[in-house]
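See below for the structure under consideration.
The numbers here are math on the coordinates, done by the rules we state, and not lab data. From a predicted model like this one, the values you see are computed outputs, not experimental measurements. All Cβ positions, even for glycine, are placed from backbone atoms using ideal geometry, and neighbour counts span all protein chains on display.
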Amino acid sequence: MPSDLSQPINPLRLAKARERIVGKIQLNSMARLKGILLSHKGELNYSLAFDFNEASVCIIESDIETQLILECQRCFEPVEVDIRKNSLLGIVDESDEIDSLAKEYEPVQLDEDGVITVEELVEEELLLSIPLSALHPENKCAATNDVNRINAEAKRQPFADLAALIKDKN
């Protein structure tokens, strides 16, 4: 297991040995999260199990777990979002192999040397698991009443303009 998460690993070599890498990464070390999170405190727990499937494709069973502080898209206040993602990743050498990969696998393409870093792999999985629109539950969000009132006021009848046109022609 690499002690420096930015050091490259070779998934094919790890799959031959059926290795498992388990660890933690500090959220503040993930550069691609900088503009997304309201707080960079905390850590992500991960487990990566390397193996080959029956078609001899190198696979990685990825499990990540963390808690993120994002901005609620309804009230713009901080909201805690629990992330738990289990994925089956399939290693592909070239982009044209992606279509031949079984549907239950998410494709991962290695660099030209056939390596990837643990940090890069885990950060990508985390980015894919972040919700597009983080929200408090409706009954706990400060802006729910305002949003409901605005939506009620703005409710339009989809054919109202058409009815007005028809009325004008007659």
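Site pair residue 67 and residue 26 shows an inter-label distance of 2.0 nm when each label is modelled 7 Å from Cα along Cα→Cβ. Building the convex hull from the alpha-carbon atoms of the chain and averaging its projection over directions returns 15.7 nm². Mean residue ellipticity at 222 nm, helices only, the chain: -6500 deg cm²/dmol; runs of at least 4 DSSP H residues each add -39,500 (n - 2.57), and the sum is divided by the number of residues.
To the nearest 0.05, what FRET efficiency results for residue 132 and residue 6 with a Förster distance of 22 Å applied to their C-beta separation?
Details: r = 29 Å, r/R0 = 1.30.
Efficiency, rounded to the nearest 0.05: 0.15.
Considering only 132, 59, 76, whose Cα is most displaced toward the positive end of the charge dipole of the chain, charges sitting on Cβ of Lys, Arg (+1) and Asp, Glu (-1)? Farthest towards the positive end: 76.
Straight-line cross-link partners of residue 167 among the lysines, defined as a Cα under 26 Å from its Cα and at least 8 positions apart when in the same chain: 155.
Under the 0.36 nm per residue contour assumption, what length would be gained going from the current alpha-carbon distance of residue 162 and residue 82 to full extension? List each step's numbers first, then the result.
On the way: separation 80, 0.36 × 80 = 28.80 nm, distance 4.62 nm.
Fully extending the segment from residue 162 to residue 82 adds 24.2 nm.
Note the angle between two axes, namely the Cα long axis of helix 144-154 and the longest principal axis of the Cα atoms of the chain, as a number of degrees from 0 to 90, rounded to the nearest 10. With both axes taken from Cα atoms, the answer is about 50 degrees. Within segment 1-107, the GluC sites (Glu not before Pro) that combine a DSSP coil assignment with at most 16 other C-beta atoms in a 10 angstrom radius are 19, 54, 94, 104. Spatial offset of segment 87-135 relative to segment 13-62 amounts to 10 Å, using the alpha carbon center of each.
For the chain, modelled as a GNM whose springs connect Cα atoms under 10 angstrom apart, the maximal fluctuation among 86, 139, 28 occurs at 139.
In the chain the longest region clear of chymotrypsin sites (Phe, Trp or Tyr not before Pro) that are loop-assigned by DSSP and have at most 14 other C-beta atoms within 10 Å covers 77-158.
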